[in-house]
Amino acid sequence: MNKLKLNNMLIEAAEKSFEENYQEAEKVLLEAEKEFPENHLVYYNLGVLSLDTGKPEKALSYLEKAESIKKNDCDILTGTALALQKCGRKEKALLCYEKALALPCSQYEKAVIYNNIGSVFFADGFYEKARDYFRKSLSEEKDYEEARQNLLLANTYLGFIG
C-alpha cells in the first residue's frame, strides 16, 4: 500500500511539473519526503525539480541525499553531475559523469552523459574535444536532437577558428 501511495505522489508531482506548476509539484514531493524519508526517488525528484527551476545548489543537496540512500545509480549521478556543472564545479562534474558512465546505463542515458560532457568542454572553449563527445552521444542515440545541434555548433565554431 505504501509503495502505491509513493508512486501516486511521484506521478502527481511529475504531472504538476510538466504543467509548469512547480510550487505544487514541490509541495507534493515535500509531503512525500515526510512520509517516505528513506526513499531515494523522493530526493532524486526534488533534485530534478530544483534543476528545472534553476536552483542547482538546492538540487545538489537533494541529489546527494538520494545518492546516500542508493549508491551507484546512473540517473542520480548524472543529475548530480549536471547540478555540479551548473554550479560551476566542472572538474567534479566531469568526474561524476565518468563515474556514471562506468555503471549500467541505457544507451539514451549514455548519450545524455556524453552530450553533457561535450557541453562542459564547449563552454571552456575546447571545441574539438566537445565535438568528439557530441559524436559519442550520437553514436549512442542517433536521433538525440540536442547532441545533433551541439555538434553543429561545435563544427561551426571550429570552422570559424580553423
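Summary table below
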{"read-out": "Unique match (being over 21 Å from P37 (Cα atoms) and of a type in the set (D, E, K, R)) among E64, E91", "value": "E91"}
{"read-out": "Subset of segment 131-152 [closer than 16 Å to V120 by Cα and among the aromatic types (F, W, Y)]", "value": "Y133, F134"}
{"read-out": "Scan of segment 69-121 for residues that are of a type in the set (K, R) and either under 11 Å from the mean Cα position of the chain (by Cα) or in the same structural domain as L151 (by TED's automatic domain parsing) (or both), ordered by number", "value": "K86, K110"}
{"read-out": "Cβ pairs under 8 Å, 6+ apart, first in segment 144-159 and over 23 Å from Y108 (Cβ atoms), second surrounded by fewer than 16 Cβ atoms within 10 Å (Cβ to Cβ)", "value": "L158/E128"}
{"read-out": "Any hit, segment 28-36, residues being at positive phi, among the charged types (D, E, K, R), surrounded by fewer than 22 Cβ atoms within 10 Å (Cβ to Cβ) and outside the structural domain of L152 (by TED's automatic domain parsing)", "value": "no"}
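The values are calculated or read from the model by the stated rules, or taken from the named source; none is laboratory data. Since we're looking at a predicted model, the values are computed, not measured. Glycine gets a Cβ as well: all are built from the backbone with ideal geometry, and neighbour counts include every protein chain shown.
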